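Computed from the coordinates by the stated procedures, all read-outs in this text should not be read as laboratory data. Remember, it's a predicted structure, so these values are computed and weren't measured experimentally. FYI the Cβ positions are ideal-geometry reconstructions off the backbone, even for glycines, and counts take in every protein chain you see.
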Amino acid sequence: MTAVAILGATQTKHSKSRSDANYMELAFEVVTKLLEETGVKHSEIDTVITASSDFWDGRTISDIAVQDAVGAAGKSASKVSMDGAFSLVYASARISSGAFKNCLVVGHGKASEGQARKIANAAFDPHYQRPLGIDDHGALGLQARAYLQEKNLSPEMLAETAAQSAHCYAKNPYSHRTTNWTSEAIQKSQLIADPLHELEIAPDSDGACAMLLCNEKEAQKRETSSIWLDGFGFATDVHSLGDRHLGKPSILSQVSQQAFRRAGVQDYREIDIAEVHDASSAQTLMWKEDMGLQNHSHLLWNPSGGAMGAQPGFATGLVRVAEVYQRLKKGAARTGLAHGMTGFVGQAHCVWVLRRR
Amino acid sequence: MNHHAVHLKPELTYQYAAGRYGSIFLAGLKEKKICASHCTKCKRTLVPPRIACTSCFGKMDKIVEVPPTATLLAFTLVSFPFLDPFTGVKRPIPYCYGMVQFEGTDNNFQYFLSEKNTSKLKLGMKMIAVFKEARNGRLDDILYFSLHNRS
Amino acid sequence: MKHPVAIIGSGQTNHCSRRLDVNAPELTNEAVQAACQDADIDIDEIDALVVGNMEHFEGIHLSDLWVTEGTGGIKKPQLKVATGGTTGSSLAQAAYYLVAGGLFKNVLAVGWERLSDSEGETTTGIVTAFDPIYERPTLAGAVSGLAILACQYQQQYHTTPEEAAEVVVQARKNAQLNPHAHLTKEVTIEEVVSSPMLSSPIRYLDMCPTSDGACALLFTSDPKKRNCAWVKGVSSCHNHTYLGDVVNGAADFKQTLTIAAQNAYQQAGIKDPRKEFDVVEMYDPCTWSAFAWSEALGLADPGKGSTIWTSGASKLDGELPINPSGGVLCTNPIGATGLIRVAEASLQIRKKAGDRQVKDPKLALTTGFGGSFWNEVMILGENR
């Protein structure tokens, strides 16, 4: 892959419901803000990749809804039907091929318009698992229990971890959840899928995120130092819940190693900041271990609060990249890691390593 | 060998936000008004109103009212049975719909036509929106488009 | 820097109405095995996959995560690209860019559709592709959407239903030579113009079927000494959100097929498409579209698209064979359909198209159509 830089990234203030905006208006918000901040005009954007879920949107070919908002009409554009972090792979490929000098990436999700648990149930295989009525929360519960047993940890650990996330998302102006919940309050929240309580599970949010990528030549025209997408890794694991041990390391281990290798990261301590899509507080712990970062004492981990603060569907991973980008840009760190996933208990993972140069 | 099949149909309901512009349009229908969005930069006027201009992709910054008269630009008589995702039952057929361009606008609006004899329809004919007596701020406050001042 | 991209392997199932004997992973596996065999490559050598189907139609969310058991994608990088009717061509484009961009060497594109067994579900599904407030109440899926276009074309150029029927008559004849094709029964012009009207002017036999099937196509930057087809031009052009903006009369109407074609022609150095292309695999969801779109591609003058078929130029032994595979009018597993166009064109270039082989083709044109009437174009050639 050739050098690909991020010129800008914007996100909505994620919330429980954006009933005031249809999808065109939601995407329009983040794209307009992005173009204002970067000073790039619609006419200067070469190509667009969007990320959205047909099931979540209740709309087959869900990308049609945002075509004019992202300025895709008349341009070459496409879509990745997975979390936005994966769409950055396709966007980078388009730039790397030399066919396009920049690429706008927009991800959106509105959990409020559909029935999230029923939609999640539709993702399990129709023969053996869907008839059980299992949904994403149930699967997360299974995973959390398997993890606690595997590591011989008490459920209180989940609440403490969720409280650490809350401490961060309470300071995040874009977060859906805004309260600095204590571990006690979290354990008192409704039990959803044992051992997980409501506040130990990421919320269902409405939101969008937009990002502008460009090639090296375009980045060099800017006077400020750039943030580079230095390395990626992604892979899909087995589908059926019983085909792997949900409490043991996931394919994220392999994926993060790929990203490190591609980015030339020799030692995990080079990573200053990491943002992961943690759909539960068990995952907040698991993903850190899967990437070999559990002993990294000065790692800034999910400073935004992660997905525990906001989970706007397929925009969630893109928001992780945006959060790392913003912090690198401000000079808070030099090397960052951003993670996205598709599939509830982490069947498919995608990791990006970003650097400021 | 008997091949088993699992019959599953996700019964999902959705609540689609009309958005700011859509809400204005639907509220307008209740008053028998056709609202359009206008881009002062490109001078585009579009129905239904929406935030993104189809010319510059910038914000359509004005809402204007357009008359209910329009020009017919395409039509089709739908005669085959299919399940309507709205109602969950087969949509009543045959029905006719077309593309009409409201006077003073720059795009087409897709809606039902009262005339089901397509030999009586020709592109370029003048049509008029016919409203229901009782209106609720929904798209079907418009009953259909009929021929207007037979051309 | 751009890596040259070649297609070295193609696999399809034998498309039909219903594949009740397999589930989606098994269906895609058939096509994947066939493609690997055709490419003479071990499945372990596949570096990444791009897969796609229309999950909403089939009622299976995140279908790519399930089907990975059949595609060979387990533990591998796999992306899902699903864009409606263009899914297959979008898969080909995504695979192309992943290879051209140097991200991966061997990328397998897999498209499939395995619809549940109720009739009319596709129209129901396609209705939901459009705006829930303004468009769903009137729209009758792809059929009426295409009928609106056909109405405008017919009223402008006075093309007759008999001329349109010629497209499917020829397609069915070609399909008889294609072991993968779904509908192969010959039809006559009389049968077509007297078949039930679906949405005027489109009649039952003017319209493509829906099929169950899968297609896998292997793209690589390192074909070694294999018989391959090279990708010479790639382009797509998207369209507006609302249907009222994408048909004639809208001020910002875009002829997206022309825009995409001109871009691809420039990349491939094509100046006179009618003369320079030896074979075309066009995405023809209905007979009427074929005329408008052949004009948009620059293969005929405005209003004269029908002459390509009525003159016999489009026949297998004609001057510009169109859809020697039988095209979409004979076979339409939605998630695979656009990919099948590229697969069939690659078989033509590689001289592996069996009884439907066109004589000595050097350049092939493929198109994909779908979404809110956007288009994708890919040109293949025998030389790098």
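What distance in nm separates the two pseudo spin-label positions at residue A:330 and residue C:20, each 7 Å out from Cα along the beta-carbon direction?
In this crude label model, residue A:330 to residue C:20 measures out at 6.1 nm.
Which shape class applies to the stretch C:202-361: rounded if a/c is under 1.5, otherwise prolate when a/b exceeds b/c and oblate if not, where a ≥ b ≥ c are the square roots of the Cα gyration tensor eigenvalues?
Because its axes are fairly even, with a/c under 1.5, the stretch C:202-361 counts as rounded.
Under a crude label model (7 Å from the Cα following the beta-carbon direction), how far is residue C:351 from residue A:257 in nanometres?
Once both label points are built, they end up 4.6 nm from each other.
Angle between the Cα long axis of helix A:252-263 and the longest principal axis of chain A, 0 to 90 degrees, nearest 10?
That helix lies at roughly 30 degrees to the long axis.
Could you tally the net charge around residue C:343, taking each other residue with its Cβ under 12 Å from the Cβ of residue C:343, Lys/Arg +1 and Asp/Glu -1?
0
Give me C:159, C:28 sorted ascending by neighbouring Cβ count inside 10 Å, so fewest comes first.
Fewest-to-most ranking of C:159, C:28: C:159, C:28.
State the answer as a single residue: which of A:35, A:103, B:114 lies farthest towards the positive end of the charge dipole of the protein assembly as shown, with beta carbon charges of +1 for Lys and Arg and -1 for Asp and Glu, about the Cα centre.
The Cα lying farthest towards the positive end belongs to A:35.
Could you give me the ³J(HN,Hα) list for the stretch A:206-214, computed from phi with Karplus coefficients 6.51, -1.76, 1.60 and θ = phi - 60°, whole Hz, x at Gly and Pro?
Karplus-based 3J(HN,Hα) across the stretch A:206-214 equals 9, x, 8, 8, 10, 9, 10, 9, 8 Hz.
Under the Karplus relation 6.51 cos²θ - 1.76 cosθ + 1.60, θ = phi - 60°, what is the ordered set of whole-Hz ³J(HN,Hα) values for the stretch B:57-64, x standing for Gly and Pro?
6, x, 6, 6, 9, 10, 10, 10
Among rounded, prolate and oblate, which fits the stretch C:270-340 when a ≥ b ≥ c are the square roots of the eigenvalues of its C-alpha gyration tensor, a/c under 1.5 means rounded, and a/b larger than b/c means prolate?
Note, shape of the stretch C:270-340 comes out prolate.
Could you derive backbone 3J(HN,Hα) for the stretch B:10-17 from the dihedral phi with the Karplus parameters 6.51, -1.76 and 1.60 (θ = phi - 60°), listing whole Hz in sequence and x where the residue is Gly or Pro?
x, 8, 10, 10, 10, 10, 8, 5
If you average the sequence gap of Cα pairs under 8 Å that are 6 or more apart and divide by the length of chain C, what percent do you get for the contact order?
26 percent
Amide H neighbours of residue C:3 under 5 Å, counting only residues 5+ apart in sequence or on other chains, H built in-plane at 1.01 Å?
C:101, C:102
Work out the length of the dipole vector of the stretch B:22-151 about its Cα centre, built from +1 on the beta-carbon of each Lys and Arg and -1 on the beta-carbon of each Asp and Glu, and round it to the nearest 20 debye. Could you put the intermediate results ahead of the total?
Values: 19 positive and 10 negative charges, 23 e Å.
Taking the Cα centre of the stretch B:22-151 as origin, the dipole is about 100 debye.
Amide H to amide H, which residues 5 or more places from residue A:7 or on other chains are under 5 Å from it, using H placed in the peptide plane?
Hits under the 5 Å cutoff: A:212, A:213, A:214.
Exactly which GluC sites (Glu not before Pro) in the stretch A:205-241 are in a DSSP loop and have at most 16 other Cβ atoms within 10 Å?
Sites meeting the loop and neighbour criteria: A:223.
As I understand it, the value is the acute angle between the Cα axis of helix A:84-96 and the longest principal axis of the Cα atoms of chain A; what does it come to in degrees, rounded to 10?
For A:84-96 against chain A, the angle is about 30 degrees.
If Lys and Arg each add +1 and Asp and Glu each add -1, what is the summed charge of the other residues whose beta carbon sits under 11 Å from the beta carbon of residue C:67?
Summing Lys/Arg as +1 and Asp/Glu as -1 gives -4.
Per DSSP H run of at least 4 residues, take -39500 (n - 2.57); add these up for the protein assembly as shown, divide by its residues and hand me the 222 nm value, nearest 500 deg cm²/dmol.
Numbers: 26 runs with 267 residues, N = 892.
So the calculated ellipticity at 222 nm is -9000 deg cm²/dmol.
Collect residues whose amide H, placed 1.01 Å from N in the peptide plane, falls under 5 Å from the amide H of residue A:354; neighbours closer than 5 in sequence don't count.
A:230, A:336, A:337, A:338
May I ask for the net charge around residue C:222, where only other residues with Cβ less than 15 Å from the Cβ of residue C:222 are counted and Lys, Arg are +1 while Asp, Glu are -1?
+2
Relative contact order of the stretch A:77-153, please, whole-number percent, based on alpha carbon pairs below 8 angstrom and at least 6 residues apart.
16 percent
Output the 0 to 90 degree angle, nearest 10, between the alpha-carbon long axis of helix B:19-30 and the longest principal axis computed from the alpha carbons of chain B.
Approximately 80 degrees, to the nearest 10.
Would you order A:289, A:44, A:113, C:163 from fewest to most other beta-carbon atoms within 10 Å of each residue's own beta-carbon?
So the ranking, lowest neighbour count to highest, is A:44, A:289, C:163, A:113.
DSSP beta bridges in the protein assembly as shown, what fraction antiparallel, as a percent rounded to 5?
Of the beta bridges lying entirely in the protein assembly as shown, close to 80 percent run antiparallel.
For the residues C:374, C:309, A:228, what sequence is obtained by ranking on other C-beta atoms within 10 Å, fewest first?
Neighbour counts put them in this order, fewest first: A:228, C:309, C:374.
What is the mean number of Cβ atoms from other protein chains located within 10 Å of the Cβ atom of each residue in peptide A:79-88, rounded to a whole number?
Rounded to a whole number, the mean comes out at 5.
Can you tell me the relative contact order of chain B? Whole percent, Cα pairs under 8 Å, sequence separation 6 or more.
Working: 292 pairs, mean separation 30.7, N = 151.
Contact order relative to length: 20 percent.
Per-residue mean of other chain beta-carbon atoms within 10 angstrom of the beta-carbon, peptide C:363-375? Walk me through the intermediate numbers first.
Working: counts 0, 0, 0, 0, 0, 0, 0, 2, 6, 8, 1, 11, 0.
Partner Cβ neighbours, averaged per residue: 2.
Take the alpha carbon gyration tensor of chain B, find the square roots of its eigenvalues, order them as a ≥ b ≥ c, and report rounded if a/c is under 1.5; if not, report prolate when a/b exceeds b/c, else oblate.
oblate
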